[in-house]
Amino acid sequence: MSNNLYPAVLYLEDGTLYRGLSFFKILPSFGEVVFNTGMTGYQEIISDPSYSGQMVVFTYPEIGNTGLNQQDNESNFIHIKGLIARSIISAPSNWRSQFSLKDYVIQKKIPHIFGIDTRSLTKHLRSFGVTHGVIFDYNSNIDIKDINLHFINNIDLVRKVTIRTVYSINNYVFEDLNKFNSIYFNSNSINSISKKYKILLIDLGLKFNIVRKLLYLGCSVFIVSATCSYNSIVAYNPDGIVLSNGPGNPLLSIYVINLVKKLIKFSNIPIFGICMGHQILNIACGLSTFKLKFGHRGLNHPSGLHQYAEVTSQNHGFAVNKNSCTDNNLLEVFSVKYLNLNDFTVSSTVHQKLPVFSVQYHPEASPGPHDSEYLFEVFVKLINYIDNR
């Protein structure tokens, strides 16, 4: 791979400018500039559909130490609009590494900039909130005065990333499921569930690891588009429904909200919402959401309540407004289970009368802590209980 370096620029919509370097002459790339505090997980972040439309600042000073491999992608595509780092390592050291982050960035032509003060940039985003920006080659003819970054706010990113055709996956596809994935389910309790359930997964920006967790529990998984109809879902006769993670503002996906409203009211099918699915589910139940100042993106967010906490992986810019529970008199049927213990925003909700629950964090991510992985087992047990009732 080339060892050439090129001057690059990151320009924010408030006029703040950072000069750095790139491995090739990059074309202008626009997106929302956000930061992630994880020390690793860059491969998953690059391929995570939840980051669609965003340029990610890695706060850890060196990324790329462990390289990349063929197993850890969360989708088949690169979704980030830009990679922003202090230093990108070109000589990784890890037994699973198959190629370096530098080579991957060059091969896939990922817009990027490195060599900038990411501490200063992160402090700027924490002080003034996430903002839109553009990365471009310093020697290009782009006129920053003509850049309009506000159009990004109106893009329905869920419709952009969701699948176009329905497909199904059975657990025999992942015969080596545990080869590189440590999964800490209680095998005895899983084996006590004799029936293998059909799970319909609504793709709002699906991560592969959600599918892996369900397959490990013996489920067959049908993955459908976010734009599918209520009748088409019911026609599959699923035992349970999972609303996946996804990017952007949930209020722009009103078609999914209306779909979930019908599922909750008429289907009596157990529903599990994750991240964007959590927000969609809560809006469908009458709660509201709001945009966080700089979001939650990292691997060690504590979530819990009453002196109990789980270490969770999180990636979201919007959150459920806990005050909307009381505003809409929903406390009798909908309860807040966990809070994010950093800022006390809603992390988990449970319906008191229906088999419906959701979490704002990522139980499938398992960045080291496996604290919340049990939720998939809880979901399957809930289905089993409804089935045998």
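The values are calculated or read from the model by the stated rules, or taken from the named source; none is laboratory data. None of the values given here were measured: they were computed from a predicted structure. Every residue, glycine among them, receives a Cβ derived from its backbone with ideal geometry; neighbour counts consider all protein chains shown.
When the residues of the stretch 370-380 are filtered to those that are crowded, with 16+ Cβ neighbours inside 10 Å and not hydroxyl-bearing (Ser, Thr, Tyr), the one that is farthest from the chain's Cα centre (by Cα) is VAL380. Each residue in the stretch 1-34 was checked for being in contact (Cβ under 8 Å) with a residue 40 or more places away in the chain and either among the charged types (D, E, K, R) or within 16 Å of ILE88 (Cβ to Cβ) (or both), and 18 of them qualify. Just the residues that are over 20 Å from HIS79 (Cα atoms) and of a type outside the set (A, V, I, L, M), please, taken from the stretch 228-256. Matches in the stretch 228-256: CYS228, SER229, TYR230, ASN231, SER232, TYR236, ASN237, PRO238, ASP239, GLY240, TYR255. Restricting the stretch 282-311 to residues that are hydroxyl-bearing (Ser, Thr, Tyr) and surrounded by fewer than 17 Cβ atoms within 10 Å (Cβ to Cβ) leaves a set whose member that is nearest to LYS123 (Cα to Cα) is SER288. Per the conditions (1) crowded, with 17+ Cβ neighbours inside 10 Å; (2) part of a helix (DSSP H, G or I), the sole criterion not satisfied by HIS316 is (2). Put simply, of CYS285, CYS275 the only residue that is in the same structural domain as ASN323 (by TED's automatic domain parsing) and either aromatic (Phe, Trp, Tyr) or farther than 17 Å from SER50 by Cα (or both) is CYS285. Consider the stretch 338-369. How many of its residues are over 16 Å from the mean Cα position of the chain (by Cα) and at negative phi? Qualifying residue count for the region: 18. Checking every residue in the stretch 109-127 against the condition of being out of contact with any Gly (no Cβ under 8 Å at 6 or more places or on another chain), more than 23 Å from THR16 (Cα to Cα) and in contact (Cβ under 8 Å) with a residue 12 or more places away in the chain gives at least one match. Restricting to the stretch 148-204, and then to whatever is closer than 17 Å to VAL221 by Cα, assigned to a loop (DSSP other than H, G, I, E, B) and basic (Lys, Arg), can you tell me which residue is modelled with the lowest pLDDT? Top of the filtered list is LYS195. In the same structural domain as ILE113 (by TED's automatic domain parsing), in a loop (DSSP other than H, G, I, E, B), touching a residue at least 12 places away in the same chain (Cβ under 8 Å) and of a type in the set (D, E, K, R), is that true of GLU74? The answer is yes for GLU74.
In the stretch 224-245, the residues that are within 16 Å of THR162 (Cα to Cα) reach residues that are charged (D, E, K, R) and surrounded by fewer than 23 Cβ atoms within 10 Å (Cβ to Cβ) with C-beta atoms within less than 7 angstrom, at least six apart or across chains, in these pairs: SER225/ARG164; ALA226/ARG159; THR227/ARG159.
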